[in-house]
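Below: the structure, in structure tokens.
The values are calculated or read from the model by the stated rules, or taken from the named source; none is laboratory data. Because the structure is predicted, anything quoted here is derived from the model rather than measured. Cβ placement follows ideal geometry from the backbone for every residue including glycine, while neighbour counts extend to all protein chains displayed. All accessible areas refer to the heavy atoms of the entire protein, side chains included, with ligands and DNA or RNA removed. Shrake-Rupley method; radii C 1.70, N 1.55, O 1.52, S 1.80 Å.
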Amino acid sequence: EAGVAQSPRYKIIEKRQSVAFWCNPISGHATLYWYQQILGQGPKLLIQFQNNGVVDDSQLPKDRFSAERLKGVDSTLKIQPAKLEDSAVYLCASSFGTGNTEAFFGQGTRLTVV
Amino acid sequence: SQELEQSPQSLIVQEGKNLTINCTSSKTLYGLYWYKQKYGEGLIFLMMLQKGGEEKSHEKITAKLDEKKQQSSLHITASQPSHAGIYLCGADQGSNYKLTFGKGTLLTVNP
């Protein structure tokens, strides 16, 4: 079974530029999560989708971050414009989503903003 | 305040020693997940606990959830260098299966 795929693996941009990350969840998984993990901290949930609807985006900085999950499958997370403090690993995860089932994580995208 | 507290923040042990990592919640845990992470990589699922008093084991790793469902421990027996990494507890605290994570415990195992 293929795992959660994320791209790119690494990205370096200058502040005020824009960037987009892509995630393809495990086939059949209804729930998709985007997490931000700053060095030395645990992952922080940015947004949670159930199929193509948003369940929780309370910690998403909506003035600069946006995410979509068209057709309830893959998803993109965008930052525009980026700030230095956005430097982090962005993790995508998916789960079957109909109860307490484990979430499977991708390898993450390491973003460096200079 | 941090909803999930992990302790210790870091741990250095000699190969062959036993160790325990704790995860404490300020809220009732409806699901508790243990993950392992290598630096800069994704999280690898270890175990999930749901019922008060539940205990699960996989190879040399055992996880328990207390009866009150507010604290979990992860115990590694006879540690090996391959156990080194960051251990994260994640929890569903009753909000749409939203997974909240602790800050992690960095484990170093010296040969």
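Before moving on, here are some points about what is shown:
- Any hit, segment B:50-71, residues being in a strand (DSSP E or B), open to solvent by 60 Å² or more (accessible area, probe 1.4 Å) and either within 14 Å of chain A (Cβ to nearest Cβ) or closer than 17 Å to A:S95 by Cβ (or both): yes
- Residue match in segment B:76-84 (condition: touching a Lys or Arg at 6+ places or on another chain (Cβ under 7 Å) and either within 30 Å of A:V54 (Cα to Cα) or assigned to a strand (DSSP E or B) (or both)): yes
- Residue match in segment A:28-44 (condition: in a loop (DSSP other than H, G, I, E, B), more than 30 Å from B:S10 (Cα to Cα) and open to solvent by 80 Å² or more (accessible area, probe 1.4 Å)): no
- Residue identified as within 14 Å of chain A (Cβ to nearest Cβ), of a type in the set (A, V, I, L, M) and surrounded by fewer than 17 Cβ atoms within 10 Å (Cβ to Cβ) among B:I44, B:I86: B:I44
- Residues that are assigned to a strand (DSSP E or B) and either out of contact with any Ser or Thr (no Cβ under 8 Å at 6 or more places or on another chain) or open to solvent by 10 Å² or more (accessible area, probe 1.4 Å) (or both) within segment A:92-112 comprise A:A93, A:F104, A:F105, A:R110, A:T112, listed in sequence order.
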